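Engineer: Quick one: the structure is below, questions incoming.
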Amino acid sequence: MRRYDIPLAILLGLGLWQAAVLLTDAPHYILPSPWRVAQAAYRARETLIENAWVTTVEVLLGLLIGTALGAVTAIHLALSKTAERLLLPLLVFTQAVPVFALAPLLTLWFGYGMGSKIVMAVLIIYFPVTSAFHDGLTRVPDGYRDLAQSMGARPLRFMRYVQIPHALPSLATGLRLAAVYAPIGAVIGEWVGASKGLGYLMLLANGRAKIDLMFAALIMLACLTVLLHLSVGQLAQRLTRYAEGRSESGITRSTRA
């Protein structure tokens, strides 16, 4: 993004929002103005920060655990044809079950604390990370694979020095998707049952007809998602540059004794 893209996008969004309020003449309990939402956010700033911190921890832990599990699963599938043949169709089949429908069960099993929200975030990002990374691991050029086999490269060394560096851009793509999906999983879990978090605060504000506070919590969640996406985007760029540097010498390293 260019330097001024985000501020300009924010100004444009606020302008469209204010225009909608003026043109529709909607009451403030239906569509509050940006100024009313800003006032509500300032009055409830401590509550917003406290609940935003809870949601942030849930999202980050879910992102870390889901990424780690997805990466390990993808590597295992790429190393074992039997596992790939048996488990990959099962992973695809699990996507036929809406993850959101599991939220009540997860709340029942893991309680109303952070555990069920973290598990929800893990489940919603696990498949995108696994699928993207596995796709990258299996798309190594045939010339690399044939050369490594002719030079006696072991499967684990070939995986370490060739397949994984080559697949890092694909993993970066999965991480970008995960950064967007993880907050969705955490908030859905908070909607089903929670005592803290931005999702819980949104439901509480809606139930008390404090729509301006609900909008403030929603904007806080959007800001959290954007910051997470930008941070993961920076990490993805570094992974891509690292992969470009490693791919040149990967074949030679994989064939060393």
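Engineer: Mean residue ellipticity at 222 nm from the helices of the chain, using -39,500 (n - 2.57) per DSSP H segment of n ≥ 4 over the full residue count, to the nearest 500 deg cm²/dmol?
Structural biologist: Numbers: 12 runs with 205 residues, N = 257.
Helix-only estimate at 222 nm: -27000 deg cm²/dmol.
Engineer: From the mean inverse distance of alpha carbon pairs (Kirkwood) and the Cα radius of gyration, derive Rg over Rh for the chain.
Structural biologist: For the chain, the value is 1.09.
Engineer: Now for a separate question. Given the convex hull over the Cα atoms of the range 43-194, what projected area results after averaging over all orientations, in nm²? Let's see the in-between values first.
Structural biologist: Working: hull surface 41.2 nm².
Reported value for the Cα convex hull: 10.3 nm².
Engineer: Ok, one more. Could you run the Karplus curve 6.51 cos²θ - 1.76 cosθ + 1.60 with θ = phi - 60° over the range 50-63 and give me ³J(HN,Hα) per residue in whole Hz, x for Gly and Pro?
Structural biologist: Karplus values, whole Hz, x for Gly and Pro: 4, 6, 5, 5, 4, 5, 4, 5, 4, 5, 5, 5, x, 5.
Engineer: For the chain, modelled as a Gaussian network with Cα springs under 10 Å, which listed residue fluctuates most, 181, 112, 42?
Structural biologist: Looking only at 181, 112, 42, the biggest GNM fluctuation is shown by 42.
Engineer: GNM on the chain, C-alpha springs below 10 Å: top fluctuator among 88, 171, 63?
Structural biologist: 88
Engineer: Could you work out how far apart the two model spin labels at residue 31 and residue 45 are, taking each label as a point 7 Å from the Cα in the direction of the beta carbon, and quote it in nm?
Structural biologist: 2.9
Engineer: Among all the lysines, which ones have a C-alpha under 27 Å from residue 117's C-alpha, if same-chain residues fewer than 8 places away are not counted?
Structural biologist: Residue 117 reaches 196, 210.
Engineer: Using bins 5 angstrom wide from zero, how does P(r) for the range 156-199 break down, in % of all Cα pairs?
Structural biologist: 6, 20, 15, 12, 11, 10, 9, 8, 8, 2
Engineer: While we're here: Stick to the Cα atoms of the range 1-74, pair each with every other, and give me the Kirkwood hydrodynamic radius in Å at one decimal.
Structural biologist: Working: mean 1/r = 0.0633 Å⁻¹.
Answer for the range 1-74: a Kirkwood hydrodynamic radius of 15.8 Å.
Engineer: What's the FRET efficiency of residue 12 with residue 241 using the Cβ-Cβ distance as r and R₀ = 51 Å, to the nearest 0.05? Walk me through the numbers on the way to the answer.
Structural biologist: Numbers: r = 32 Å, r/R0 = 0.63.
Given R0 = 51 Å and the Cβ-Cβ separation, E is 0.95.
Engineer: While we're on this one: Taking the solvent-accessible surface of protein heavy atoms with a 1.4 Å probe, what is the per residue accessible area of the chain in Å²? List each step's numbers first, then the result.
Structural biologist: Numbers: 14860 Å² over 257 residues.
On a per-residue basis, 58 Å².
Engineer: For labels at residue 154 and residue 135 in the simple 7 Å Cα→Cβ model, what's the distance in nm?
Structural biologist: About 3.2 nm separates the two model spin labels.
Engineer: Sketch the reach of a paramagnetic label on residue 226 as a point 7 Å from Cα along Cα-to-Cβ, and name the residues of the range 172-190 whose backbone nitrogen lies under 20 Å away.
Structural biologist: The answer is 176-185, 187.
Engineer: Just 82, 73, 225 to compare: in a GNM of the chain, with alpha carbon springs under 10 Å, which one fluctuates most?
Structural biologist: Evaluated over the chain, the most mobile residue of the options is 82.
The values are calculated or read from the model by the stated rules, or taken from the named source; none is laboratory data. Note that the structure is a prediction, hence the values are computed from the model and not measured. Neighbour counts are summed over all protein chains in view; Cβ atoms, including those assigned to glycine, are modelled from backbone coordinates with ideal geometry. For the accessible areas, the whole protein counts, side chains as well, though only heavy atoms, and no ligand, DNA or RNA atoms are used. Shrake-Rupley method; radii C 1.70, N 1.55, O 1.52, S 1.80 Å.
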